[in-house]
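Participant: Below is a structure I'd like to ask you about.
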Amino acid sequence: MNDSHDLPAQSHSPIPPDAAPPTSFSSEFRAALPAGPEPFSFSARGSEYFRIWIVNLLLSVLTLGIYSAWAKVRRLRYFYDNTSVAGSSFDYHGNPKAILKGRVIAVVLLAIHHFASSINPMLGLLAALALAFAGPWLIWRSLQFKLYNTSYRGIRFGFGGSAGGVFRNFWAWPMLGAVSLGLLAPLAYQRFKRYQHGQTRFGATQFSFHGSVWAFYKAFLAGAGLWLAGVLVFFFSLGGLGSLASLQAGGLYGLLLVLLLYGWTFTAFPLLMTLLQNLVWNSTRLGEHQFRSTMRWPRAVFISLTNLLGIACTLGLYTPFAQVRMMRYRIESLTLLPTGSLDDFLASSEAHGSATSEGLGDLLDFDLSM
């Protein structure tokens, strides 16, 4: 806790000459102070990350992708080390060899699917179905790996769950969202985040999620509705069907429509991103402690558009600067709202933190972004 919090009302009795100065509070007195908001901070710099990014890129190319596992560890350690709350930063302990094993397995599975498809379309379909059913397990293992290898003040995170819960929330609900033409997508996403956050723990303390389905529908409707409204405005402003005919013929109006839609998408998408981050973190608790996210759409739009322009004008070299800018805004929009002393909370969590599934040390990170 910071020493700058307001002190309780004092009596007007004389202060003994040997009393400690006001700035040297005892640990008992500090623990009695009311907890205040603890904002997250992100101290990474684009110039620093550029050096990491360019070396990672070159070595990954020279080693035909093998170094990418070590590159990921370097990147995450830099980002975690520069992310802090309540005066302490996070740590990442991932083993590059475990990440490389996961990627090798993923490549082998994809190669099997490609080989089966080249032999017989039916075999390719069966291999695709096998990969689809293996997907939830891969996501589960990846989440376990990432959280187990993340720590704060020496206390590790963890992810639980069961095979049934993983299949239901990481496969069944997303499939329903897809086959319903998006009508069930907000419900599927709510179930996914509820399970993901609800099964996460920090040491011995469990996270919980309280976002309602209706809140997710409102967020998706706001984001999709804004984008669709803009599309209709551009479409009818440029002549409706005539602009589509010009597009097919390579006309100026068609080209203008494409550029407007492209720019509008990068303007409207940050609204959905902003609404979802605020909704997810404002609905998440760690024990009795809460979070607050205050992202704003205009600021997110400005960062997104200027990042896009910077990347385009530098032929991609601005990418690490763009990543740092957006990550800084998203992280520094978060605030931890403690309900008591963080020192007591950390002490109680640390008691069981070291016993968090020591056998998980050989987990694989399948890096689903592949």
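The values are calculated or read from the model by the stated rules, or taken from the named source; none is laboratory data. Quick caveat: nothing in here was measured; it's all calculated off a predicted structure. We place every Cβ from the backbone using ideal geometry, glycine too, and count neighbours over all the protein chains shown. The protein model used for the area step is the full one, side chains on, heavy atoms only, and it has no ligands, DNA or RNA in it. Shrake-Rupley method; radii C 1.70, N 1.55, O 1.52, S 1.80 Å.
Participant: Give me a count of the residues in the range 257-285 that are of a type in the set (G, A, S) and within 20 Å of L309 (Cβ to Cβ). Quick ask: steps written out before the conclusion?
Facilitator: Residues of the range 257-285 of a type in the set (G, A, S): 263, 268, 283.
Among the residues that remain, those that are also within 20 Å of L309 (Cβ to Cβ) are: 263, 268.
Residues that pass the stated criteria total 2.
Participant: Please list, ordered by residue number, the strands (runs of 3 or more DSSP E) wholly in the range 104-208 having 1 or more residues that are over 30 Å from Y67 (Cα atoms) and open to solvent by less than 20 Å² (accessible area, probe 1.4 Å).
Facilitator: On the way: elements: 150-152, 155-159, 200-202.
Answer list for the range 104-208: 200-202.
Participant: I'd like the full set of residues that are touching a Ser or Thr at 6+ places or on another chain (Cβ under 7 Å) and either modelled with pLDDT under 95 or among the aliphatic types (A, V, I, L, M) (or both), limited to the range 268-304.
Facilitator: Within the range 268-304, P270, L286, G287, E288, H289, M295, W297, A300, V301 meet the criteria.
Participant: Among the residues of the range 114-155, what is the count of those that are of a type in the set (S, T, N, Q) and within 18 Å of G94 (Cβ to Cβ)?
Facilitator: 5
Participant: Could you check the range 268-295 and list, in sequence order, the residues that are part of a loop (DSSP other than H, G, I, E, B) and under 17 Å from the mean Cα position of the chain (by Cα)? Working first, answer last.
Facilitator: Taking the range 268-295 and keeping what is part of a loop (DSSP other than H, G, I, E, B), we get 283, 287-288, 294-295.
S283, T294, M295 - these are the residues of the range 268-295 that are part of a loop (DSSP other than H, G, I, E, B) and under 17 Å from the mean Cα position of the chain (by Cα).
Participant: Kindly indicate the residue of the range 283-325 that is touching a residue at least 60 places away in the same chain (Cβ under 8 Å) and of a type in the set (S, T, N, Q) and also nearest to F220 (Cα to Cα) among those meeting that condition.
Facilitator: Of everything passing the filter in the range 283-325, S283 is nearest to F220 (Cα to Cα).
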